[in-house]
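> One structure coming up, written as structure tokens, with questions to follow.
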Amino acid sequence: MEKNNFRYERKFFINHFTRQEVDSFIRFHPAAFFEIYYERRVNNIYLDSFDMSSYFHNVTGMENRVKIRVRWYGDLLGEVRSPVLELKAKTGLVCQKTSFSLEGFRLDSGFSRIDLQDAIRRSDMPDRLKMDLSCMDFSLLNSYRRRYYLSADKKYRITLDSGLEFYSIAGFANTSLDKSMVHVSVILEAKYDAAYDDGAEKITSFFPWRMTKSSKYIMGIERLNLMKTYSHV
């Protein structure tokens, strides 16, 4: 198990700018951000209750809420090696992430909730958590490219996401994954420990975009629901 510090995450959903243009804003920032990792593809399977309580808690902005996802890097489909179960808890404006290593699985047309539950059962995590997860079902699959930056004083981190894809994923059969592309150019997130909040205004005020409280999870659910609605018209 790994648990990170309480931190803030400030998000910017950016339209009408290319990833290259946003990258230029980051590199010319007074905080002297520099790239710290190679660009890679991030994939997530989100889990939620049968009544989508996590989704609705996030939409309504409930003070204390949790998102649960399985994350891995690299190819979306095929053998998933070294996946991680993440519980992202948010209290007010700060969040904390707790992570557990998962046994691998294969994501393909035959992938089901049973396959994921089997990986969870074989993984090292508290039995109570395994029991809670057994009541969860798939709610969303998403994938995007991510770049990473760090300020010169190493207090502030930025991630830059592009090429967002959302998929509808079923609990028992996935012979065809409904897919929705996002026309938002990029999503920029500034992340920093709660101890550095006093200097955060200098970081975010440099950017000419408006911050948002929305999330990729909410965006994905709503876009796929909209797509399903129009497909039945």
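The values are calculated or read from the model by the stated rules, or taken from the named source; none is laboratory data. In this text, all values refer to a predicted model and were calculated from it rather than measured experimentally. Glycine also receives a Cβ, built like all others from the backbone with ideal geometry; neighbour counts cover every protein chain displayed.
> Condition first: surrounded by 15 or more Cβ atoms within 10 Å (Cβ to Cβ) and without any contact (Cβ under 8 Å) to a residue 60 or more places away in the chain. Can you find one or more residues in region 132-139 that meet it?
If we filter region 132-139 for residues that are surrounded by 15 or more Cβ atoms within 10 Å (Cβ to Cβ), which is where we start, we get 133, 136-139.
So of that shortlist, the ones also without any contact (Cβ under 8 Å) to a residue 60 or more places away in the chain come out as none.
No, region 132-139 has no match at all.
> Of the residues that make up region 201-211, is at least one under 23 Å from residue 55 (Cβ atoms) and either at pLDDT below 95 or part of a helix (DSSP H, G or I) (or both)?
Quick first cut of region 201-211, residues under 23 Å from residue 55 (Cβ atoms) only: 211.
Pick out the ones that are also either at pLDDT below 95 or part of a helix (DSSP H, G or I) (or both) and you get 211.
Yes, region 201-211 contains at least one residue that is under 23 Å from residue 55 (Cβ atoms) and either at pLDDT below 95 or part of a helix (DSSP H, G or I) (or both).
> The conditions are (1) crowded, with 17+ Cβ neighbours inside 10 Å; (2) more than 30 Å from residue 27 (Cβ to Cβ); (3) out of contact with any Leu (no Cβ under 7 Å at 6 or more places or on another chain), and residue 95 fails exactly one of them. Which is it?
(2)
> Can you name the number of the only condition in (1) in a strand (DSSP E or B); (2) within 16 Å of the chain's Cα centre (by Cα); (3) touching a residue at least 24 places away in the same chain (Cβ under 8 Å) that residue 221 fails?
The one condition residue 221 does not meet is (1).
> In region 41-58, what residues are exposed (fewer than 12 other Cβ atoms within 10 Å of the Cβ) and of a type in the set (D, E, K, R)?
Scanning region 41-58 gives a single hit, 51.
> Restricting to region 70-85, give me the number of residues that are in a loop (DSSP other than H, G, I, E, B) and either among the hydroxyl-bearing types (Ser, Thr, Tyr) or under 20 Å from residue 126 (Cβ atoms) (or both).
Quick first cut of region 70-85, residues in a loop (DSSP other than H, G, I, E, B) only: 74-77, 81-83.
Adding the requirement that they be either among the hydroxyl-bearing types (Ser, Thr, Tyr) or under 20 Å from residue 126 (Cβ atoms) (or both) leaves 82-83.
Selection size over region 70-85: 2.
> Between residues in region 198-213 that are within 11 Å of residue 156 (Cβ to Cβ) and residues that are of a type in the set (Lys, Arg), which pairs lie under 9 Å by C-beta distance while being six or more apart or on different chains?
Listed by first residue and then by second, the contacts come to 199/155; 200/10; 203/10; 203/155; 204/10.
> Out of 116, 102, 150, 160, report the one residue that is under 18 Å from residue 68 (Cα atoms) and touching a residue at least 40 places away in the same chain (Cβ under 8 Å). Working first, answer last.
On the way: 102 fails: touching a residue at least 40 places away in the same chain (Cβ under 8 Å); 150 fails: under 18 Å from residue 68 (Cα atoms); 160 fails: under 18 Å from residue 68 (Cα atoms).
That would be 116, the only listed residue that is under 18 Å from residue 68 (Cα atoms) and touching a residue at least 40 places away in the same chain (Cβ under 8 Å).
> Check region 104-111 and report whether any residue there is closer than 22 Å to residue 213 by Cα, touching a helix residue (DSSP H, G or I) at 6+ places or on another chain (Cβ under 7 Å) and aromatic (Phe, Trp, Tyr). Explain how you work it out, then say what you get.
Taking region 104-111 as the starting set, the residues that turn out to be closer than 22 Å to residue 213 by Cα are none.
So far as region 104-111 goes, no, none of its residues is closer than 22 Å to residue 213 by Cα, touching a helix residue (DSSP H, G or I) at 6+ places or on another chain (Cβ under 7 Å) and aromatic (Phe, Trp, Tyr).
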